[in-house]
Amino acid sequence: GSKDLEIVKTYLESTPKDVLDPEMFGLAKGRNVFLISLESVQSFLLEKKIFDQEITPFLNSLMKNSFYFDQFYHQTGHGKTSDAEFIIDTMLYPLPSGAVFFTHSQNTYHSIPNQLKKNGYYPVVLHGNNKTFWNRDQMYKTMGYERFFSAEEYDITEKNSVGWGLKDLPFFEQSLDKLRALPQPFYAKLITLTNHHPFELNPEDRLLPPYHSNSETLNNYIETVRYTDEALKHFFKMIKTAGLYDNSVFILYGDHYGISRKHRKEMAEFLGKEKLTPYDHVQLQQVPLIIHIPGVKGRKMSVVSGQVDLKPTILHLLGNDYVEGLGFGHDLFAVNKPQFAVLRDGSFVTEHYVYSGNKCYSKLNGEKTDSTLCEPFRKKAQNHLRYSDKIIFGDLNRFLTDEKS
Ligand code: GP9
Ligand code: MN
């Protein structure tokens with residue numbers, strides 16, 4: 001136990017500390033937080049048109065008034081949505097196999113909610129699925145959430161459901177009623193659902209002309225992403241009407257990919273490429289990250305980063321100069337943010353390289369390059385994953401005190 005703790009601590013202490021941007025530190029202090037999980041939304045659809053129509057018109061316009069990260073990667077494994085939640089709340093990686101929400105729900109985690117409660121925040125989760133899915137009811141208690149509004153607290157009918165359940169628009173509508181009744185400031189995680197494989201949608205919710213590739217999955221995906229985008233547009237309107245907009249901060253992220261490798265032929269066609277290489281596959285793991293702070297203009301942030309970086313970013317934005325717990329993230333606004341994202345399968349991205357399947361690619365043009373150029377980063381990637389696994393398997397966070405060290 002404690003020997004591993006020393007090894008991990010020594011490693012973490014050997015890495016450079018975040019040099020915070022004073023303009024960003026505490027910028028959203030005391031505001032409500034809307035953390036919105038965009039089910040299966042990948043970045044390749046952003047700012048893209050089919051038949052001359054935008055697929056994500058609302059997100060595209062929101063991005064223009066936000067901090068928008070165009071090199072942000074998901075880092076999930078078998079635990080899918082729950083892995084994304086885990087990474088964000090703990091700045092740890094998910095496990096090499098299985099879902100940490102199931103296997104390690106009794107560990108100690110210095111999660112975002114656990115730390116924010118000390119700032120007077122009220123952390124909640126809202127999601128229109130059964131509370132036991134991904135063992136959420138257990139894990140959310142461990143993570144320090146005060147309330148979990150799950151399917152049983154929503155009015156779910158045949159009419160307002162499709163595919164996996166409650167459609168995103170009625171989900172947002174009913175969620176707003178619940179949010180209005182909460183103590184403020186709240187930290188609310190809202191998990192969308194309609195854009196989930198196999199991407200079913202009612203005819204009246206289809207807002208784009210049908211796309212015709214040989215992949216029914218891709219065709220449907222484009223429509224459901226468009227639907228979720230529309231639901232978000234309405235949600236923002238409702239939030240403004242409710243008077244909750246100005247004193248809040250909005251963080252929207254894609255949880256993981258929606259289109260698997262199986263559809264690479266149709267994806268290549270969609271992207272106008274001859275074929276997709278392992279380099280392209282890694283680049284397709286980019287998911288949206290939009291941090292919208294009403295009253296702040298924002299800008300495009302081209303920093304190689306991943307979900308693990310969200311915890312320090314959120315805590316710093318809310319005015320915490322200390323981030324509790326052992327973990328691997330770096331503030332996305334830090335002046336010295338390392339340009340680095342490792343995926344759970346060991347692939348990684350740096351400022352100049354993309355590494356996948358034992359091959360090193362130039363990030364600029366996707367061509368194979370001398371693998372010794374990737375070597376130092378490969379070691380770093382392995383260390384991150386290995387030490388993160390040690391922390392989870394050994395429940396090492398339980399040995400830390402809550403106090404600043
Ligand atoms: C289910 C939702 C989707 O509650 O989170 O789960 P996923 O299959 O994407 O992990
Ligand atoms: Mn998901």
Spatial extent of the stretch 19-166: Rg and Dmax, with the Cα atoms as the point set, Å: 17.5, 51
Ranked by how many other beta carbons lie within 10 Å on average, peptides 273-284, 245-256 from highest: 245-256, 273-284
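Which value, in Å³ per residue, describes the convex hull spanned by the Cα atoms of the chain?
Once divided by residue count, the hull of the chain is 133 Å³.
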Accessible solvent surface per residue of the chain, calculated while the other protein chains remain in place, 1.4 angstrom probe, Å²: 41 Å²
Amide H contacts of VAL303 (H built 1.01 Å from N, under 5 Å, at least 5 apart or other chain): ASP70, GLN71
Calculated FRET value between PHE236 and ASP389, using beta carbons and R₀ = 45 Å, to 0.05: 0.70
Around LYS300: net Lys/Arg minus Asp/Glu count, Cβ-Cβ under 13 Å: +1
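Helix-only estimate, please: 222 nm mean residue ellipticity of the chain, summing -39500 (n - 2.57) across DSSP H runs of length 4 or more and dividing by its residues, to the nearest 500.
Calculated mean residue ellipticity at 222 nm is -9500 deg cm²/dmol.
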Lysine-lysine proximity count for the stretch 142-276, Cα under 28 Å, sequence distance 8 or more or distinct chains: 23
Cα-based shape type of the stretch 299-344, given that a ≥ b ≥ c are square roots of the gyration tensor eigenvalues and the cut on a/c is 1.5: oblate
Ordering of 293-306, 104-117 by burial proxy (mean other Cβ atoms within 10 Å per residue, highest first): 104-117, 293-306
Residues of type aspartates and glutamates that LYS17 reaches as a straight line, Cα spacing below 20 Å, ignoring anything fewer than 8 places off in the same chain: GLU6, ASP89, ASP309, ASP321, GLU324, ASP331, GLU351, ASP402, GLU403
Karplus 3J(HN,Hα) series, Hz, for the stretch 388-401 with 6.51 cos²θ - 1.76 cosθ + 1.60 (x for Gly, Pro): 5, 4, 4, 4, 6, 4, x, 6, 5, 5, 5, 7, 7, 8
Charge-dipole axis of the chain as Lys and Arg at +1 and Asp and Glu at -1 on Cβ define it, positive-most pick from ILE291, ASN214, LEU396: LEU396
Backbone HN-Hα couplings from phi across the stretch 122-134 [Karplus 6.51/-1.76/1.60, Hz, Gly and Pro as x]: 10, x, 9, 10, 10, 7, x, 10, 4, 5, 8, 4, 6
Cα-based Kirkwood hydrodynamic radius, the stretch 184-252, one decimal, Å: 13.9 Å
Charge dipole of the chain about the Cα centre (unit charges at C-beta), most positive-ward option of GLY306, PHE377, LEU317: PHE377
Under 5 Å, built H, 5+ apart or other chain: amide partners of LEU35: ALA188, LYS189, LEU190, ILE251
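Figure the gain on full extension for LYS275 and ASP370 (residue separation times 0.36 nm, minus the Cα-Cα span) and round it to one decimal in nm.
32.0 nm
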Portion, in percent, of the accessible area of the chain that falls on carbon or sulfur, probe 1.4 Å: 49 percent
Over the stretch 1-50, equivalent-ellipsoid semi-axes from the Cα gyration tensor in Å: 35, 21, 14
Packing rank of 78-91, 49-62, where each peptide gets the mean count of other beta carbons within 10 Å, highest leading: 78-91, 49-62
Table column - 3J(HN,Hα) (Hz), the stretch 264-269, Karplus curve with 6.51, -1.76, 1.60, x for Gly and Pro: 5, 5, 5, 5, 4, 4
The stretch 250-339, relative contact order in percent, only Cα pairs under 8 angstrom and at least six apart counted: 26 percent
Cα-centre dipole for the stretch 81-174 with unit charges at Cβ (Lys and Arg positive, Asp and Glu negative), debye to 20: 280 debye
Assigned charges on the beta-carbon of Lys, Arg, Asp, Glu; the stretch 346-405 dipole about Cα centre (debye): 140 debye
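The values are calculated or read from the model by the stated rules, or taken from the named source; none is laboratory data. In this text the structure is predicted, and so the values were computed from the model without any measurement. Counting neighbours? That spans all protein chains shown, and the Cβs are built from the backbone with ideal geometry, glycine included. Surface accessibility is based on the protein's heavy atoms, side chains included, excluding ligands, DNA and RNA. Shrake-Rupley method; radii C 1.70, N 1.55, O 1.52, S 1.80 Å.
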